[in-house]
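Shown next, in structure tokens, is the structure this report addresses.
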Amino acid sequence: MAEGPRLDALCRIRDLQEYFQEIFPGSEFSGVLDFQRTIIQGLIEDISGLRYFVAGPGADLIDRMLVRFQVEDLKMFIRVCMTKSSLEDLYGSLVPLPRELALDVRRLAAAGSVEDIVPLVPRGFLRKSLMKAVEIYHDSPGPFFFEAALDRGYFQGLLAAMELLPRDAHRLIQPMICQEADIFNLMLVLRGRFRYDVAPDMMLPLHAKGGRIIRSRFEDMLKGADLQTVVGLTGLRVIDEEFVDRSANEAAAAAGISPLEKLAWQRYVRLANHAFHRSHMGLGTIIGYAGLRRVEAANLITISEGIRGGMAVEKIRGRMVLLTEVEGLYV
């Protein structure tokens, strides 16, 4: 797995083709998008393969984790539908999904509105969440609310599957899964309030319940006057204590939320790593590995974007989520 010194070395590569060969020796790519699709495809295949090692609630949880990729494809259809973007760009960005998650691409591409997309979304949490969003946000000119509704539906299903795990596995995996849901809730508040200037009452129906940020705390966060207040209201549920005050102040000074998102994902990596090492080859090892692989894929994509944009090495590294930056605090 690409981490630590290997990631540092990859950040120093200045040529995309050299980088592609370092990750996939002997392969040919038409460009960054082709490379990134291959990274995601490999991640999907890797997580799908984990299902052969487990059964029952553990397999169901892995199935729910794979829905994440289905959600990302559905978001792209919503964006194309609402922004009238090019279908060529859409098809170039879609990732082939496992058969059980396959979408009706032809009908989705022909949808003229989000309402037309609803019946094409798989039944269950995703469709119900998007249907509710259409009822509430039908006059919205952009995809923000509908994309968030799909995320909310995803977390409803993921958290429900987690609750069915055996007790020992639940104890190790719950912090990691809840962290991902809490990242969604935190970033929903930060992006909605401070990037898109959305009224707090408009975001309340999008709260993903089941994590550590309960509804009443989410309501308080929506009323927060600034970034530091909102982060403080999480009660150390999303960002580790060592970083809370410093990170909120730095983010506020930079008028951005990316530093906070990175620190939240660093906590996720720590929790996934904990599950991986403490499970003794049980379900926690499998789910922890899936979480670590997901972050690795994100880091590799981040590097490809940095090289394409001509970013300095330190700037690329600063955008990655690195276990090495937090593991020393917990040895």
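Observations on the structure shown:
- Within the accessible area of the chain, the carbon and sulfur atoms contribute 52%, probe 1.4 Å, all protein chains present.
- Taking the Cα centre of the chain as origin and assigning +1 to Lys and Arg Cβ atoms and -1 to Asp and Glu Cβ atoms, the resulting dipole is close to 580 debye.
- Just checking the listed ones, 194, 184, 155: in the Gaussian network model of the chain with Cα springs under 10 Å, the one fluctuating most is 194.
- Residues of the range 106-125 falling in the label zone of residue 33, defined by backbone nitrogen less than 17 Å from a point 7 Å along Cα to beta-carbon, are 109.
- Taken about its Cα centre, the range 123-282 carries a charge dipole of about 520 debye when Lys and Arg each add +1 at the Cβ and Asp and Glu each add -1 at the Cβ.
- Probe 1.4 Å, accessible area per residue of the range 19-96, Å²: 47 Å²
- Note on residue 16 and residue 87: the extension gain reaches 22.9 nm, defined as 0.36 nm multiplied by sequence separation minus the Cα-Cα distance.
- Using the Cβ-Cβ distance between residue 226 and residue 305 with R0 = 41 Å, the FRET efficiency computed as 1/(1 + (r/R0)^6) comes to roughly 0.90.
- Dipole of the chain computed with +1 at Lys/Arg Cβ and -1 at Asp/Glu Cβ about the Cα centre; of 39, 285, 80, farthest Cα towards the positive end is 285.
- Most tightly packed first, judged by the mean number of other beta-carbon atoms within 10 Å of their residues, the peptides 29-37, 144-152 read 144-152, 29-37.
- Here the relative contact order of the chain, from alpha carbon pairs under 8 Å that lie six or more residues apart, stands at 19 percent.
- Gain on full extension, evaluated as 0.36 nm per residue between residue 113 and residue 199 minus their Cα-Cα distance, stands at 28.6 nm.
- Extension gain for residue 9 to residue 277 (0.36 nm times residue separation, less C-alpha to C-alpha distance): 93.9 nm.
- The range 61-118-the range 286-312 distance, computed between alpha-carbon centres (Å): 22 Å
- Options 154, 313, 188, ranked by Cα towards positive dipole end of the chain, top entry (Cβ charges): 154
- Straight Cα distances below 16 angstrom link residue 262 to the aspartates and glutamates 3, 180, 182, 240, 241, 242, 245, 250, 296, 314, 325, 327, with same-chain residues fewer than 8 positions distant left out.
- Taken per residue, the accessible surface of the range 133-181 reaches 39 Å², heavy atoms only and a 1.4 Å probe.
- Between the listed residues 10, 24, 114, the Cα displaced farthest toward the positive end of the dipole of the chain, a dipole computed from Cβ unit charges relative to the Cα centre, is found at 114.
- Projected label points at residue 164 and residue 106, each 7 Å from Cα along the beta carbon direction, are separated by 3.3 nanometres.
- The HN-Hα couplings worked out from phi for the range 113-118 by the Karplus form 6.51 cos²θ - 1.76 cosθ + 1.60 (θ = phi - 60°) are 7, 5, 4, 6, 6, 3 Hz, whole numbers, x standing for Gly and Pro.
- With the helix formula -39500 (n - 2.57) applied to DSSP H stretches of n ≥ 4, the chain reaches a computed 222 nm mean residue ellipticity of -21000 deg cm²/dmol.
The values are calculated or read from the model by the stated rules, or taken from the named source; none is laboratory data. Keep in mind the model is a prediction, meaning the values are calculated, not measured. Note that we place each Cβ from the backbone using ideal geometry, even for glycine, and neighbour counts take in every protein chain shown. The accessibility values were calculated without ligands, DNA or RNA, using every heavy atom of the protein model including side chains. Shrake-Rupley method; radii C 1.70, N 1.55, O 1.52, S 1.80 Å.
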